[in-house]
Structures are given as C-alpha cells and as structure tokens.
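The values are calculated or read from the model by the stated rules, or taken from the named source; none is laboratory data. From a predicted model like this one, the values you see are computed outputs, not experimental measurements. Cβ atoms come from the backbone with ideal geometry, glycine included; neighbour counts cover every protein chain shown.
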Amino acid sequence: MARVIAVASGKGGTGKTTISANLGVALAKIGKETIVIDADITLANLELILGMEGLPVTLQDVLAGEADISDAVYTGPAGVKIVPAGISLEGLRKANPDKLEEVLYSLLDIAEFIIMDAPAGLEKSAIVALASSDEFLLVVNPEIASITDALKTKYVAERLGSKMLGIVVNRVTKLSVEIAKKEIEAILEGKVLAVVPEDPEVRKAAAFGQPVVLRNPKSPASKAIYELAGKIAGADVKIEEGGKGFKRLLSIFKRR
C-alpha cells in the first residue's frame, strides 16, 4: 500500500514542483516504486521540468471521465512513474477535481510512494489534493510571507486529516535577512527535514527538461534532495565515486 504524500506550499514560487519532481526521481533512483502526480491541473509544470511535455493522455482527461488512470501513467527518468496534469484549457474546463481521491485509490497497490504535487494556496483543487493525502510536506522559502502562508496551509491540511511529515526549506542563500531553521520549526511547529540551497544547477537542469538529481547529482541541491529521499524512505543514500550513479545502502504546449 503506497504512502500518499502531498507536497504543498502556501504560495506559488517556492519551488514546490521542482522538489516534487526531483524527490520522486530520487526515490525511484534508490529503488522505491514511486509515482509523481501533478495535481495542479490549473498551472501544470511537472511535465516541463521532466522534459515530458506533449503526452497524449493526462490527469485532466482522467478527471473528465474520458480516460482511465492507467493510460495516464508514464515512465519517466530513473524509472519514476509520472502522471502529468495536462495544459489544455478545454481539458481544464472538463476536469472534475473531486475525482482525484478515486484516482489515487486505484494507484495505491502499484507503488510504494505517491508524491503529489499539490496546487499552491487554498483553492478548491488544493483542498482536494490535501484531503486526498495521508501526509504532506510543506515547502517554504526562508522569508516571512512564505512561512505565514504555509502556516495557513498546515492548519487546513491537518483539519482535513493529513499529517505533516515535515518541512522543506528551499532556495536558501544564507543571507542575514533569511529566517533561521529553528525559527521556521517554531513557527510551523514541525521538523525541517531538508534545507535545499539556492543552486544555479537547478535552473540549468529545468531549462533542459532534466531533473537536477540526475543531471548533476553532486550539486548542493541534489545532495539535499537525496538526503530527503533517504529520510522519507528510511534508507541511507550516498553518491558513488565519480557522481555517475547512486547506491541504496539499506513540444511544450501540445496542440490539441
């Protein structure tokens, strides 16, 4: 039975989708059967980050009742399974977000982890994604606006029955104006599982449609994400010499 983990944030721009994509690839790379679902059917970006744009069947089609979920599951980098949201405006109009939990239920027996890239904020589609998850990761930037919005998301998710797995502090520069890890933990009443530094390799990887954990596995951001994957999976992870692999120790707008 899969663990369903929503990757959530209070506001857009925190790097939530980048974390979702790379965490899913990292889990697959260390041997865990993982599905990453882009639940943000309004502003889908997962398929772009992974270089998988233009796929014929998407979550929009499934939520519209026009396709089966099995037809929308694709094999991505490192063997991770991907369910793209789709970018069709017509598909968005037809999609029914309330069917998401039913879709997730049908995937529970074919994976160990389901990582769900939840929409930012607290719109209806975000609420449905949070309510459909067992656990959630909060992705924040070390600034007060991001953390304040994340606190609202945390309260709502917990009232919906989801349990906070931890916090990912993303795009950390160590400038003096940034909020410290201990302060973030105190405000959000949770444990920081990963501190992911601002890393130019992340942007370069995204530009080429590649997960940074594969393109440059020894970059600072990649190392932090692999450590996060290890904590979630209960496995110790290390980079092999040469940075070429890992060991487990325990058309963008498709014309439609």
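So here's what we get for this one:
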{"item": "Scan of region 228-256 for residues that are out of contact with any helix residue (DSSP H, G or I) (no Cβ under 9 Å at 6 or more places or on another chain), surrounded by 13 or more Cβ atoms within 10 Å (Cβ to Cβ) and modelled with pLDDT of 50 or more, ordered by number", "result": "231"}
{"item": "Tabulated pairs, region 61-88, first of a type in the set (S, T, N, Q), second modelled with pLDDT of 95 or more and outside any loop (DSSP other than H, G, I, E, B), C-beta under 7 angstrom, 6+ apart or interchain", "result": "75/81"}
{"item": "Strands (runs of 3 or more DSSP E) enclosed by region 89-199 - at least 1 residues per element that are surrounded by fewer than 17 Cβ atoms within 10 Å (Cβ to Cβ) and touching a Lys or Arg at 6+ places or on another chain (Cβ under 9 Å)", "result": "135-140, 192-197"}
{"item": "Residue list for region 15-41, restricted to those being touching a strand residue (DSSP E or B) at 6+ places or on another chain (Cβ under 7 Å), assigned to a loop (DSSP other than H, G, I, E, B) and more than 20 Å from residue 130 (Cα to Cα)", "result": "30, 31, 32"}
{"item": "Matching residues in region 11-34 - criterion: being more than 19 Å from residue 222 (Cα to Cα) and either modelled with pLDDT of 95 or more or aromatic (Phe, Trp, Tyr) (or both)", "result": "33"}
{"item": "Number of the exception - residue 75 against (1) surrounded by fewer than 19 Cβ atoms within 10 Å (Cβ to Cβ); (2) polar (S, T, N, Q); (3) under 26 Å from residue 2 (Cα atoms); (4) touching an Asp or Glu at 6+ places or on another chain (Cβ under 9 Å)", "result": "(4)"}
{"item": "All positions within region 43-81 that are assigned to a helix (DSSP H, G or I) and farther than 21 Å from residue 98 by Cα", "result": "47, 48, 49, 77, 78, 79"}
